[in-house]
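The values are calculated or read from the model by the stated rules, or taken from the named source; none is laboratory data. Source: prediction; values computed, not measured. Neighbour counts run over all protein chains shown; Cβ positions are idealised from the backbone, glycine included.
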Amino acid sequence: MEVSLKEISKIVTGNTPSKKNKNYWNSEDICFIKPDVIGSGIDSITTSNEYISNFASSKARIVDRNTILITCIGNIGRIGIVSDKKVAFNQQINAIIPNYKINIRYLAYVLLFSQPRLNALANSAVVPIVNKTQLGNFKIKINPNVESQGKIVSILDKIAKIIKNQTKEIKRLDELIKARFVEMFGDPVINSKNLELSTLANLGMLGRGRSKHRPRNDPKLLGGKYPLIQTGEISQSGLYIRNFSNTYSELGLKQSKLWPKDTLCITIAANIASTSILTFNACFPDSVVGFISNEDKVKPVFLHYWFSFFQNIIESQATQVAQKNINLKVLSNLSVIHPPLSLQNEFADFVRQVDKSKFEIIVYLNKTLLNKILSQIGDVIRD
């Protein structure tokens, strides 16, 4: 059964009460949800890192339990379910409130596995956006039998538990790498080992991505052979960008720039200072900065993990109008610890060994478990 989301639900776009009014925020009455609270699976939303007061409720968009929240700017299609009490949410999120007899977790899984199609709807090559109208018109295939939906959810929940455990192992390996970084180079934030310092600009070449053509989502730009990397893909990739979901045509390439393999991609809008290393030549928009390292001075792997210690600090310095962003000058002037290249190579070798273990887990998740998921909800993914 194929339906549009607006046929089976009410869709509400979030907003943010004025930050200038302290009475709106000096409280912990109501959870205020932003995209960073919503993970990559199906999260049950019960707490947040920010709250608004009851006084602000008339200025906010508030929904009750059994509502799906879906991110629609930047990282498109992240899913959370309001499972406890009412929450408010910002303008980067849409709420889906079902008005049709459907298992809420079943609908959440359908949307989660429809993420690639949702990303294809995004109307900007800089920061992907899916608006309320597009989301409402988005068509999905569902099993109309609620009892069957429940059985499918039961199986997918078991698979999700396995994925969660494997993801914990990946995080543990990431923590191991960061611990090794501190052991070798000290705390980079305070430079506890008094290492030599250098500006990022002195360690290599920095430049913004390009997307000159307007409109940015002109179909003539897309569908060719040149990989196009978006901000969301960088923030989700970890150390290396190994896959891509969009491509530029010859016209797309002409108005952009092809960056070489081993470029460190740094996001400067939406997800501030997320980094990942290209494993192939690719284009990216001007919401991303490319860094090509001077191999005699610094290794991209070292810089990727250095940024992981500073991401929150850099983000706190970002300006915000419609959304947070930083400029090329801020990045160029960053003061980076500069240990001997021999130590950086030793660290890179350690990361390479740990990354093999991480990659084996990812292959298991992508292949073995995907087959199980396909058997339950395959039509949604294949469409």
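Selection of the stretch 243-276 for residues being under 17 Å from Arg214 (Cβ atoms) and free of Cβ contacts under 8 Å to residues at least 12 places away in the same chain yields only Lys254. The combined condition, being under 26 Å from Gln91 (Cβ atoms) and not assigned by TED's automatic domain parsing to the domain that holds Pro128, is not fulfilled by Glu295. For the stretch 1-20, the tally of residues that are within 19 Å of Leu118 (Cα to Cα) and of a type in the set (Ser, Thr, Tyr) stands at 3.
When you check Lys151 against the structure, is it over 17 Å from Phe310 (Cα atoms), surrounded by fewer than 16 Cβ atoms within 10 Å (Cβ to Cβ) and in contact with a Gly (Cβ under 9 Å, 6 or more places away or on another chain), yes or no? Judged against the criteria, Lys151 is not a match. Take the conditions (1) closer than 20 Å to Ile79 by Cβ; (2) outside any strand (DSSP E or B); Tyr24 misses just one of them, which is (1).
Residues that are in contact with a helix residue (DSSP H, G or I) (Cβ under 9 Å, 6 or more places away or on another chain), at pLDDT 95 or above, among the small types (Gly, Ala, Ser) and crowded, with 18+ Cβ neighbours inside 10 Å do occur in the stretch 263-276. Scanning the stretch 177-199 for residues that are closer than 14 Å to Ala348 by Cα and touching a helix residue (DSSP H, G or I) at 6+ places or on another chain (Cβ under 6 Å) turns up Ile177, Arg180, Phe181, Met184.
Annotation note: of Gly290, Gly252, the sole residue that is modelled with pLDDT of 90 or more and either out of contact with any strand residue (DSSP E or B) (no Cβ under 7 Å at 6 or more places or on another chain) or part of a helix (DSSP H, G or I) (or both) is Gly252. From the list Phe280, Phe307, the lone residue that is out of contact with any Leu (no Cβ under 9 Å at 6 or more places or on another chain) and at pLDDT 90 or above is Phe280. Within the stretch 175-193, the set of residues being closer than 18 Å to Lys299 by Cβ and not small (Gly, Ala, Ser) comprises Ile177, Lys178, Arg180, Phe181, Val182, Glu183, Met184, Phe185, Pro188, Lys193.
Apart from one condition, Glu7 fits all of (1) on the phi < 0 side of the Ramachandran plot; (2) buried (at least 22 other Cβ atoms within 10 Å of the Cβ); the exception is (2).
Every condition in (1) surrounded by fewer than 17 Cβ atoms within 10 Å (Cβ to Cβ); (2) without any contact (Cβ under 8 Å) to a residue 40 or more places away in the chain is met by Asn294 except one, and the failing one is (2).
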